[in-house]
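Right, one structure below, let's go through it.
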Amino acid sequence: MDKTNSKFKLSKTTKSNLITYLIVIIAYLTVQLLLAGGHMSSLMEGLLVPLCIYVILAVSLNLTVGILGELSLGHAGFMCVGAFSGAFFSKCTQGSMPDMLRFLLALIIGAVVAGVFGILIGIPVLRLKGDYLAIVTLAFGEIIKNLVNVLYIGRDSDGFHFSMKDSISLHLKEDGEVLVNGAQGITGTPHDSSFTIGVLLILLALFIILNLIHSRDGRAIMAIRDNRIAAESVGINITKYKLMAFSISAAIAGVGGVLYAHNLSTLTAQPKNFGYNMSIMILVYVVLGGIGNIRGSIIAAVLLTLLPELLRGLSDYRMLIYAVVLIAMMLLNWSPKAIEWKERFRETYFSGRKTGKSETAQVSQTGKGVK
Amino acid sequence: MKKYHKIISSVMASAMAVALFAGCGNAADNGNAQADDNAAPAENAADSSNAGAENAETGGETAATENNAGGVIKIGGVGPTTGSAAVYGLAVQNAAQLAVDEINANGGINGVQIEFKFEDDECDPEKSVNAYNTLKDWGMQMLVGSVTSGCSVAVAEKTAEDNMFQLTPSGSSVDCVKYDNAFRVCFSDPNQGMASAKYIGENAIASTVAIIYDSSDIYSSGIYEKFAAEAANQPFEIVSAEAFTADSKTDFSVQLQKAKDAGAELVFLPIYYTEASLILSQASTLGYAPIFFGCDGLDGILNVENFDTSLAEGVMLLTPFAADAEDELTKNFVAAYKEKFGDTPNQFAADAYDAVYAIKAAGEKAGITPDMDMSAICDAMKAAMPQITLDGLTGTGMTWDVSGEPNKEPKAVKITNGVYTAM
């Protein structure tokens, strides 16, 4: 495999990136084959789009946590912003333009709005040192969830009506329609998400993030992560690069949110889907997949989303087993003893075939930058 | 190092592929499994948990639903059995199972036994769809669920696509039954709000009304909106409407003070009983004693721990079910439920129990057989539902509209001497 690749003179990072894309594409083709053959259970079929959503979220959070080295606990908040802005747009323009175009615009709107929120949060917070981003994003996620829950927007022949109290105070006319109904959220979002679109978005997210990491800007971002003072001393504009990584991460999360909103017909901001728990869940994907390891995030997101569903056979014990698996995976991945054991295992079995000590930048740096 | 990473990545990739494959068996396997089922239908009940686990992982929905000749009628249920809303999901699961057991003991539907399987949705619409898909793989022919409104709406989208008969015991928001394959047992939120406003107006209980509701809850805000809209047509006036959210549901002194200052004679509480019990005790501390009026969410207030039930004296509520009602059906149900699950059934349990019996009644009317696929059953059930009349726990002489709404009289009860008494 080494020899065939070396003919093409691909650099190591390019090769590693290609493997990441290939994994996604092969998974996609496998699923398409299974679908065409009718061998897919309805459960798996229903899980395909959520899998794409969580992969996108995990990959985007990895940009903040792994590459930028800041802890964000409000990723679900950005997802929520993207979901509601995208769904609101779709609901407003439903029927007035082709479905595909509308969905594309919804995706762009979701990304832009989430990105703008990312910048707004980032401007004050990313100037600070320390764990402030974690605290502020945590608050942001909760605030967004509560704001959306008291937001009422309706539309009638007079145009849009807006209220923070209840849907009666919108004073809609007879022909009016409540678009965003507070805690009841947005219902009747068109079902536009599909597995193909999801995979295309994953590839797009990967393309953006992997290229960013291996660009000049990406190296600057990683330099800030590894040593802020050194980076500052060579003239890197810390706030600018931090803001860049953070807002891109938020925008991609917004895309994940739009995909989420167009997969289910109800969109409500509950603690379950856009609250603190969801943010932590995404963080768990990133940590278990390997902080800074984009490919690992994809795999962890897929496995951990599938696991609770595949454990349904265990009925009441499934969430318990799920938690145990999480702990076991964490220990296996990160405990010094386990790492030592893995090293020894590798030396025993693969020592003869080792070629040299070098690997992709992302893998070898896992965890180093995060406090 | 490089080799190692390559190996790891290929292992991971194959693990991912295996995980994707794991949900998929081949159709032949599935056929065999079904054939085994048919050969030994008596063992079905005993094997159901195993078979369920296997079938959940073997695929091919068509094979699963169509090769069920001579077997059992498979009814699935979806609701939260873990998480914060678990109390509702478990009540539905238990009561539905109780009803299924009773029906099976009495000969089943048209002489065919029912198999019931319940899946957890954690009160999350996304998980609810997953649970529904799991049940579909299992071969479900009719659905009792989801338990909560948000989940029901999400699942209804899927059942409409598949033409699966859906009867939600307690999904009360309007959109739960917007498709013609979906029916419900409970009142809809607007229905309750309207009925409450009418009841207060027609019986001239009060002339000034204050409302305290949970704006972050679909159920509560749904009732509130309809109540406020209907109040305009009624001879009473809403003098204050104060909201709280799930994050601030412990201190209600502000809301109560406003209601008191506005001179409200009656406080309408379209909320669940946990918060209502706090409101009642805080009102008594304030020395404010209006009439409290609630909806079915208040059912259960007398069982709240450390709550002085004398405070609930005089509280009125519209509820379809009271566990201490004196009729034969309720008594038997409560006794059987207590014996089996060691708990007093709530209104969700009663709704689920009625849901299963409604399916039985409609199924017998429609003459469904286990060899029909879900779409054929759905068409037959859709036609039969508006024709049946059910005397259930949550109402006598219940009938259903084609739209999916039940027709039953809301019962108003008043708490006197620590028990519900009909008004």
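Some points to look at:
- Total residues in the range A:153-168 satisfying the condition of being surrounded by 15 or more Cβ atoms within 10 Å (Cβ to Cβ) and at the interface with chain B (Cβ under 10 Å from one of its Cβ atoms): the figure is 3.
- Residues of the range B:144-163 classified as within 13 Å of another protein chain (Cβ to nearest Cβ) and either open to solvent by 10 Å² or more (accessible area, probe 1.4 Å) or closer than 14 Å to B:LYS74 by Cα (or both), total: 8
- Picking from residues in the range A:80-104 that are of a type in the set (A, V, I, L, M) and more than 23 Å from A:ASN181 (Cβ to Cβ), the one that is most open to solvent (accessible area, probe 1.4 Å) is A:MET100.
- Of the candidates A:ALA111, A:ALA106, A:ALA76, A:ALA83, the single residue that is more than 24 Å from A:MET281 (Cα to Cα), assigned to a helix (DSSP H, G or I), of a type in the set (Gly, Ala, Ser) and under 22 Å from the mean Cα position of the chain (by Cα) is A:ALA106.
- Residues being open to solvent by 50 Å² or more (accessible area, probe 1.4 Å) and more than 10 Å from every other protein chain (Cβ to nearest Cβ) are entirely absent from the range A:54-67.
- The residues of the range A:143-152 that are surrounded by fewer than 20 Cβ atoms within 10 Å (Cβ to Cβ) and assigned to a helix (DSSP H, G or I), listed by number, are A:ILE143, A:ASN146, A:LEU147.
- Filter result (under 22 Å from the mean Cα position of the chain (by Cα) and either more than 9 Å from chain B (Cβ to nearest Cβ) or of a type in the set (Ser, Thr, Tyr) (or both)) within the range A:14-28: A:SER16, A:ASN17, A:LEU18, A:THR20, A:TYR21, A:VAL24, A:ILE25, A:TYR28
- In the range A:210-266, counting only helices (runs of 4 or more DSSP H) that sit wholly within it, the ones holding 3 or more residues that are under 22 Å from A:ASN293 (Cβ atoms) and open to solvent by less than 20 Å² (accessible area, probe 1.4 Å) span A:216-226, A:238-261.
- Among (1) in contact (Cβ under 8 Å) with a residue 12 or more places away in the chain; (2) open to solvent by less than 10 Å² (accessible area, probe 1.4 Å); (3) more than 22 Å from A:TYR132 (Cα to Cα), the one test that A:ILE282 misses: (3)
- Pairs with Cβ under 9 Å, 6+ apart, first in the range A:198-227 and more than 30 Å from A:GLU45 (Cα to Cα), second among the hydrophobic types (A, V, I, L, M, F, W, C) and open to solvent by 70 Å² or more (accessible area, probe 1.4 Å): A:ALA223/A:VAL234
- Filtering the range A:295-306 for residues that are more than 11 Å from every other protein chain (Cβ to nearest Cβ), modelled with pLDDT under 95 and touching a helix residue (DSSP H, G or I) at 6+ places or on another chain (Cβ under 7 Å) leaves a non-empty set.
- Some residue of the range A:34-45 being more than 14 Å from chain B (Cβ to nearest Cβ) and part of a helix (DSSP H, G or I): no
- The residue that is surrounded by the most Cβ atoms within 10 Å (Cβ to Cβ), among those in the range B:281-296 that are in contact (Cβ under 8 Å) with a residue 60 or more places away in the chain and closer than 16 Å to B:ILE211 by Cβ, is B:CYS295.
- Within the range B:234-254, the set of residues being more than 13 Å from every other protein chain (Cβ to nearest Cβ), part of a strand (DSSP E or B) and charged (D, E, K, R) comprises B:GLU237 only.
- Verdict on B:GLY111 being small (Gly, Ala, Ser) and open to solvent by 10 Å² or more (accessible area, probe 1.4 Å): yes
- Residue count for the range B:302-330, restricted to those that are open to solvent by less than 20 Å² (accessible area, probe 1.4 Å) and under 22 Å from B:VAL185 (Cβ atoms): 7
- Positions within the range B:197-231 being among the β-branched types (Val, Ile, Thr) and either open to solvent by 30 Å² or more (accessible area, probe 1.4 Å) or farther than 19 Å from B:ALA412 by Cα (or both), in sequence order: B:ILE205, B:THR208, B:ILE212, B:ILE218
- Within this structure, B:ILE271 fails the test of being of a type outside the set (S, T, N, Q) and in contact (Cβ under 8 Å) with a residue 60 or more places away in the chain.
- Top-ranked residue of the range A:169-184 - restricted to ones that are within 10 Å of chain B (Cβ to nearest Cβ) and part of a helix (DSSP H, G or I), ranked as surrounded by the fewest Cβ atoms within 10 Å (Cβ to Cβ): A:SER169
- Each residue in the range B:370-410 was checked for being within 19 Å of the chain's Cα centre (by Cα) and among the charged types (D, E, K, R), and 5 of them qualify.
The values are calculated or read from the model by the stated rules, or taken from the named source; none is laboratory data. Predicted model, so just to flag it, every value in this text is computed and none were measured. Heads up, the Cβs are rebuilt from the backbone with ideal geometry, glycines too, and the neighbour counts pull from every protein chain shown. The accessibility values were calculated without ligands, DNA or RNA, using every heavy atom of the protein model including side chains. Shrake-Rupley method; radii C 1.70, N 1.55, O 1.52, S 1.80 Å.
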